[in-house]
1. Can you pull out every residue in region 289-344 that is open to solvent by less than 40 Å² (accessible area, probe 1.4 Å) and among the basic types (Lys, Arg)?
2. Suppose we filter Arg246, Arg275 for residues that are in contact (Cβ under 8 Å) with a residue 60 or more places away in the chain, basic (Lys, Arg) and within 30 Å of Cys14 (Cβ to Cβ); which single one remains?
3. Any residue that is closer than 17 Å to Ala340 by Cα and polar (S, T, N, Q) - is there at least one of those in region 181-201?
4. What about Gly190, is it at pLDDT 95 or above and not in a helix (DSSP H, G or I)?
5. Kindly provide the set of residues from region 246-283 that are of a type outside the set (Phe, Trp, Tyr), assigned to a loop (DSSP other than H, G, I, E, B) and open to solvent by 90 Å² or more (accessible area, probe 1.4 Å), ordered by number.
6. Please work out which residue is nearest to Lys181 (Cα to Cα), limiting yourself to region 134-159 and to residues that are open to solvent by 10 Å² or more (accessible area, probe 1.4 Å) and without any contact (Cβ under 8 Å) to a residue 40 or more places away in the chain.
7. Tell me, which residue of region 182-216 that is among the hydrophobic types (A, V, I, L, M, F, W, C) and free of Cβ contacts under 8 Å to residues at least 60 places away in the same chain is most open to solvent (accessible area, probe 1.4 Å)?
Amino acid sequence: MKRRIGILTSGGDCPGLNAAIRGVARAAYAMCDAEIIGIQDGYRGLIQGEWREMARKEFSGILTLGGTILGASRQPFRDMRVIGEDNVDKVKAMVKNYEKMRLDCLVTLGGNGTHKTANLLSQEGLNVIGLPKTIDNDIWRTDVTFGFHTAVDIATEVIDRIHTTAASHGRTMVIEIMGNKVGWLTLYAGLAGGADVLLLPEIPYRIEKVLEAVDRRVSAGKAFSILAVAEGAMDENEADMKKKRRQEARASMPWQSVSHRIAAQIEEHIGVESRVVVPGHIQRGGSPSAYDRVLSTRFGVHAAELIRGNVYGVAVGLRGEEVINSPLDEVAGKTKFVPADHQIVKAARQMGIGFGD
């Protein structure tokens with residue numbers, strides 16, 4: 001049976017998007033008489049009607065390619081039902097363009113916001129399947145998101161390389177890892193890279209504890225210290241604040257970020273020269289790792305299987321070694337945080353790695 005399949009990539013880019021697109025398309029071509037419609041720049045393209053029919057050759061040679069051949073944009077979910085100055089009803093426009101493209105289904109590749117909008121469209125009666133993409137690894141009902149392992153590899157390499165310069169100069173190096181709400185990336189990369197202190201958004205820190213950890217290394221004759229700090233890490237005072245108040249407090253502080261604040265506090269109270277390293281978007285760029293190529297492909301193939309079986313309104317995920325699917329309304333709007341008692345957190349603590357608490 002013929003299937004006309006729309007695909008879009010939404011939110012921030014990450015390694016593995018093209019591998020997942022390829023997985024969906026090639027499996028759909030093999031399983032059914034498929035036509036693939038590429039929607040440009042995520043939900044913005046769906047709203048504005050920017051799309052094209054894709055040829056089979058467009059899915060060749062993209063397995064190892066970073067970024068997304070379809071482009072991406074951020075369209076905040078909170079604004080989807082807000083009619084702005086352009087007087088466009090975004091939800092109605094997306095439904096209208098879905099029908100105009102004569103789609104049998106829509107496959108959305110993205111993170112939490114993407115899944116929330118996918119669920120909204122599903123509730124509007126569209127046939128939608130979500131694939132979990134994010135370097136944050138924070139999507140509900142999946143053990144791993146594609147893009148995460150590549151980002152872990154990159155962040156770990158940054159920490160590895162910082163070790164040598166930190167040792168050469170006897171400095172404390174504070175490495176700011178991506179992760180505004182969750183600390184999975186910092187946890188994995190920090191442990192893999194041999195960081196001495198890991199600061200996560202889920203575990204508020206006390207600066208006194210951080211200083212103690214650094215001072216202990218100094219007293220033990222260690223020439224340097226490595227701190228892996230999630231960009232969303234917060235101290236106990238900030239953790240007690242409402243989100244808006246915390247943002248205001250951050251905006252008014254004299255440092256660029258929490259990492260710069262911590263580095264300044266280490267220099268002030270311990271007298272150890274400290275530097276901040278911010279790898280930033282390097283963590284989400286470049287070619288996907290072998291793991292992410294396989295995972296993205298498996299997710300894409302599973303989406304094609306669901307399309308063949310007319311199973312919609314679901315999000316694909318990984319549970320153990322098995323690729324699964326869960327109802328979109330059970331995935332959308334939920335964030336997978338790092339539990340304070342997670343086994344990896346416990347393992348790190350047992351090795352003497354500090355979390356500042």
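1. Listed by number, the list holds a single entry, Lys336.
2. Working: Arg246 fails: in contact (Cβ under 8 Å) with a residue 60 or more places away in the chain.
Criteria check complete, one pass: Arg275.
3. yes
4. Working: at pLDDT 95 or above: yes; not in a helix (DSSP H, G or I): no.
Considered against the rule, which asks whether it is at pLDDT 95 or above and not in a helix (DSSP H, G or I), Gly190 comes out as no.
5. Taking region 246-283 as the starting set, the residues that turn out to be of a type outside the set (Phe, Trp, Tyr) are 246-254, 256-283.
Then drop every residue that is not assigned to a loop (DSSP other than H, G, I, E, B), which leaves 253-254, 256-257, 271-273, 278-279.
Across region 246-283, the qualifying residues are Pro254, Gln256.
6. Let us first name the residues in region 134-159 that are open to solvent by 10 Å² or more (accessible area, probe 1.4 Å), namely 134, 136, 138, 140-141, 143-144, 149, 152-154, 156-158.
Next, only the ones that are without any contact (Cβ under 8 Å) to a residue 40 or more places away in the chain stay: 156-157.
On the way: Thr156: 20, Glu157: 23 Å.
Per the stated criteria, the residue is Thr156.
7. So in region 182-216, the residues among the hydrophobic types (A, V, I, L, M, F, W, C) come out as 182, 184-185, 187, 189, 191-192, 195, 197-200, 203, 207, 210-211, 213-214.
Next, only the ones that are free of Cβ contacts under 8 Å to residues at least 60 places away in the same chain stay: 189, 192, 211, 214.
Working: Ala189: 0, Ala192: 65, Leu211: 25, Val214: 2 Å².
Checked region 182-216; the qualifying residue most open to solvent (accessible area, probe 1.4 Å) is Ala192.
Yes or no, residue by residue, for (1) part of a loop (DSSP other than H, G, I, E, B); (2) acidic (Asp, Glu); (3) free of Cβ contacts under 8 Å to residues at least 60 places away in the same chain:
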{"site": "Ile37", "(1), (2), (3)": "no, no, no"}
{"site": "Lys57", "(1), (2), (3)": "no, no, yes"}
{"site": "Gly66", "(1), (2), (3)": "yes, no, no"}
{"site": "Gly84", "(1), (2), (3)": "yes, no, yes"}
{"site": "Val95", "(1), (2), (3)": "no, no, yes"}
{"site": "Thr114", "(1), (2), (3)": "no, no, no"}
{"site": "Leu131", "(1), (2), (3)": "no, no, no"}
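The values are calculated or read from the model by the stated rules, or taken from the named source; none is laboratory data. The model shown is predicted, which means the values in this text are computed figures rather than measured ones. Heads up, the Cβs are rebuilt from the backbone with ideal geometry, glycines too, and the neighbour counts pull from every protein chain shown. Areas reflect the complete protein model, heavy atoms only, side chains present, ligands, DNA and RNA absent. Shrake-Rupley method; radii C 1.70, N 1.55, O 1.52, S 1.80 Å.
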